[in-house]
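A short worksheet on the structure shown next.
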Amino acid sequence: MKPIIIVHGGAGKAYSHKTERKKGVKEAARKGYGILKNEGNAINAAVEAVKIMEDNPVFNAGLGSALGIDGEAEMDASVMTDDYIFGGVTCIKDVKNPILVAQKVMEETEHILLAGDGAVKFARKMGFKEFNPITEGRKKQLKKRSASSLYKNIDKIIEIYGGGTVGAVAIDKNGKLAAATSTGGLMYHLPGRVGDTPLIGAGTYASPYGAASATGYGEMIARFMVTKEIVECMKSEGFQHCAENFLEKIEERGCGCGVIAIRKDGVPLILKNTPVMIGAIGAFNNIKVFE
Ligand code: ASP
C-alpha cells in the first residue's frame with residue numbers, strides 16, 4: 001500500500017492567518033508523511049501531524065485554543081484506529097498536547113473517554129507537564145464581544161472566528177488506517193461544553209472500511225454522526241456520491257462541516273459544505289495544500 005496522509009486545519013466561512021495556516025498544514029502533512037515513509041504506522045503519523053498543529057498558535061487546538069465564556073481553554077481530542085480502538089479526552093485543561101493524552105487513553109486504559117479533572121489527573125500520571133495554552137490573542141478576542149449575544153447562535157461563532165480545529169487521517173504501508181482530531185472547541189462556549197471532536201463517530205471515526213476526521217459546527221456534527229456516516233459510505237463503490245449527498249442533506253439541516261477521509265484501498269476523500277476548509281495531503285512523495 002502507498003502511504004497517504006491528509007490533514008485539515010478547520011472548516012468555516014472565512015479564514016484568519018491564511019498564509020500561516022497554509023504553512024502549518026503543509027508542515028503537519030510533511031511530518032506525518034515522513035513517518036509513514038519511514039515505516040511508521042498510521043496512528044503515530046496522524047497523531048504527530050495533529051501535534052504539530054496543536055503547537056502552532058494559528059490553529060484552534062493546543063496552544064491558541066478558543067476560550068469559553070469563563071476565559072478557560074477546555075480542549076477536546078480523540079484518536080481511532082481501524083480495529084475500532086478509540087481514545088479521547090474532553091474539557092481537558094493545562095496540557096500542551098491533548099492529542100497525545102487521547103492516544104494514551106487509547107493505549108494505556110480500558111476506557112474510551114476521560115473528562116475534565118479526571119483527564120488532567122490522568123495526563124499528569126502519564127507525565128504530561130502543566131502548560132498554559134491560553135494566548136494573548138485569545139484573551140483579546142474574549143474581551144471584544146458580549147458572549148451572551150453569541151452563544152445561542154453558535155454557527156455565527158464559527159463564522160466570526162474561522163474554525164481552526166485540526167485533524168488527520170492516514171493509511172500506512174500495511175494498509176492500517178487511523179484518524180485523529182483536536183480542538184479548543186467553539187469560542188464563548190459554556191463551561192463544560194462537549195463538542196463533536198472527542199466523540200466516537202462524530203469528530204473522529206475509523207473502521208476496516210475507512211478513517212475520517214470532521215470539523216465545523218460540533219453540535220450538529222455530533223447529531224448527524226458525520227464521520228461514522230462518511231465511513232459507512234465507504235462500504236459502497238459509489239462512496240463519493242454517497243458522501244456528497246450526505247453532506248448536502250445535513251447542510252440543509254444546518255450542519256456546516258468539512259471532512260477528510262481515506263478508504264481502505266487508499267482512496268482519499270476531501271469534502272466540505274462550508275466555503276473553506278484548509279488542509280494538505282501527503283502522497284506519492286508530494287505535499288499539496290488545499291482549501
Ligand atoms: N468541531 C469543533 C467543535 O465544535 C469546532 C471546529 O471544527 O471548528 O468543537
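Quick notes
- The residues on offer are Ala77, Ala11, and the sole one that is buried (at least 24 other Cβ atoms within 10 Å of the Cβ), at pLDDT below 95 and not in a loop (DSSP other than H, G, I, E, B) is Ala11.
- Taken across region 221-230, residues that are surrounded by fewer than 21 Cβ atoms within 10 Å (Cβ to Cβ), within 10 Å of the ligand (Cβ to nearest atom) and in contact (Cβ under 8 Å) with a residue 24 or more places away in the chain do occur, with at least one present.
- Test: residue in region 250-272 that is part of a loop (DSSP other than H, G, I, E, B), within 14 Å of the ligand (Cβ to nearest atom) and in contact with an Asp or Glu (Cβ under 8 Å, 6 or more places away or on another chain): yes
- Lys37 passes every criterion in (1) surrounded by 21 or more Cβ atoms within 10 Å (Cβ to Cβ); (2) more than 16 Å from the ligand (Cβ to nearest atom) apart from (1).
- Selection status of Ile171, over 17 Å from Lys93 (Cβ atoms), modelled with pLDDT of 95 or more and buried (at least 24 other Cβ atoms within 10 Å of the Cβ): yes
- Index of the failed condition, Asp196 passing every other in (1) closer than 17 Å to Met75 by Cβ; (2) touching a helix residue (DSSP H, G or I) at 6+ places or on another chain (Cβ under 9 Å); (3) more than 9 Å from the ligand (Cβ to nearest atom): (3)
- Which listed residue is under 19 Å from Ile85 (Cβ atoms) and of a type in the set (Ser, Thr, Tyr), from Thr274, Thr215, Thr227: Thr227
- Under the condition of being in a loop (DSSP other than H, G, I, E, B) and either out of contact with any strand residue (DSSP E or B) (no Cβ under 8 Å at 6 or more places or on another chain) or buried (at least 24 other Cβ atoms within 10 Å of the Cβ) (or both), the residues counted in region 84-96 number 4.
- Taken over region 202-220, the residue count meeting the criterion of being more than 8 Å from the ligand (Cβ to nearest atom) and either buried (at least 24 other Cβ atoms within 10 Å of the Cβ) or β-branched (Val, Ile, Thr) (or both) is 8.
The values are calculated or read from the model by the stated rules, or taken from the named source; none is laboratory data. Note that the coordinates shown come from a computational prediction; the quantities given were computed from them, not determined experimentally. Virtual Cβ from ideal backbone geometry, glycine too; neighbours counted across all protein chains shown.
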